[in-house]
């Protein structure tokens, strides 16, 4: 584990989650299926959509702390590319664990448009990861100035 900047990770997680949410809100305007993540989370948990919003942002920030703590120093590439590589992990987990738990099936096979759902999720996670990586930045420590 490296020495993560938790404050920066929290900000990066919120920024990435906002970007992913905006992309999901715009998805129907591009012919993609509706991907209202807070509503889906709220329905799954049997709670009001407001709690789904809280859960959505909690997930995004917890993932960002995990990224900053365990992955940022191990992944190759620019900060945006590191974030994208990392975001493929929660995307894949969503396809094989979360989707089936929510009734959508593995890779959304129980939905009306599985390919569109999977691609929309992938795009959303790529957006999340790119913003996460860009906002968190490089994990390199500044060099000490010597006199």
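The values are calculated or read from the model by the stated rules, or taken from the named source; none is laboratory data. In this text the structure is predicted, and so the values were computed from the model without any measurement. A quick note on method: Cβ atoms are made from the backbone with ideal geometry, for glycine too, and the neighbour counts reach across all protein chains shown.
Scan region 38-55 for residues that are closer than 13 Å to residue 98 by Cα and in contact with a helix residue (DSSP H, G or I) (Cβ under 6 Å, 6 or more places away or on another chain) and the total you get is 1. Is there a residue in region 55-66 that is more than 25 Å from residue 104 (Cβ to Cβ) and at pLDDT 95 or above? Yes, region 55-66 contains at least one residue that is more than 25 Å from residue 104 (Cβ to Cβ) and at pLDDT 95 or above.
Within region 1-22, the only residue that satisfies the criterion of being crowded, with 16+ Cβ neighbours inside 10 Å and at pLDDT below 95 is 4. Return yes or no: is residue 135 in contact (Cβ under 8 Å) with a residue 40 or more places away in the chain, under 19 Å from residue 60 (Cα atoms) and either out of contact with any helix residue (DSSP H, G or I) (no Cβ under 7 Å at 6 or more places or on another chain) or surrounded by 15 or more Cβ atoms within 10 Å (Cβ to Cβ) (or both)? When the stated conditions are applied, residue 135 passes them.
How about region 59-78: which of its residues are on the phi < 0 side of the Ramachandran plot and either more than 15 Å from the chain's Cα centre (by Cα) or part of a loop (DSSP other than H, G, I, E, B) (or both)? If the condition is that a residue be on the phi < 0 side of the Ramachandran plot and either more than 15 Å from the chain's Cα centre (by Cα) or part of a loop (DSSP other than H, G, I, E, B) (or both), then 69, 70, 72, 73, 74, 75, 76, 78 are the ones that fit. The residue that is surrounded by the most Cβ atoms within 10 Å (Cβ to Cβ), among those in region 111-127 that are under 9 Å from the mean Cα position of the chain (by Cα) and within 10 Å of residue 24 (Cβ to Cβ), is 124. Restricting 107, 86 to residues that are on the phi > 0 side of the Ramachandran plot and assigned to a helix (DSSP H, G or I) narrows the list to 107.
Scanning region 80-110 for residues that are under 11 Å from the mean Cα position of the chain (by Cα) and either within 23 Å of residue 28 (Cβ to Cβ) or modelled with pLDDT under 95 (or both), we see that the one that is surrounded by the most Cβ atoms within 10 Å (Cβ to Cβ) is 87.
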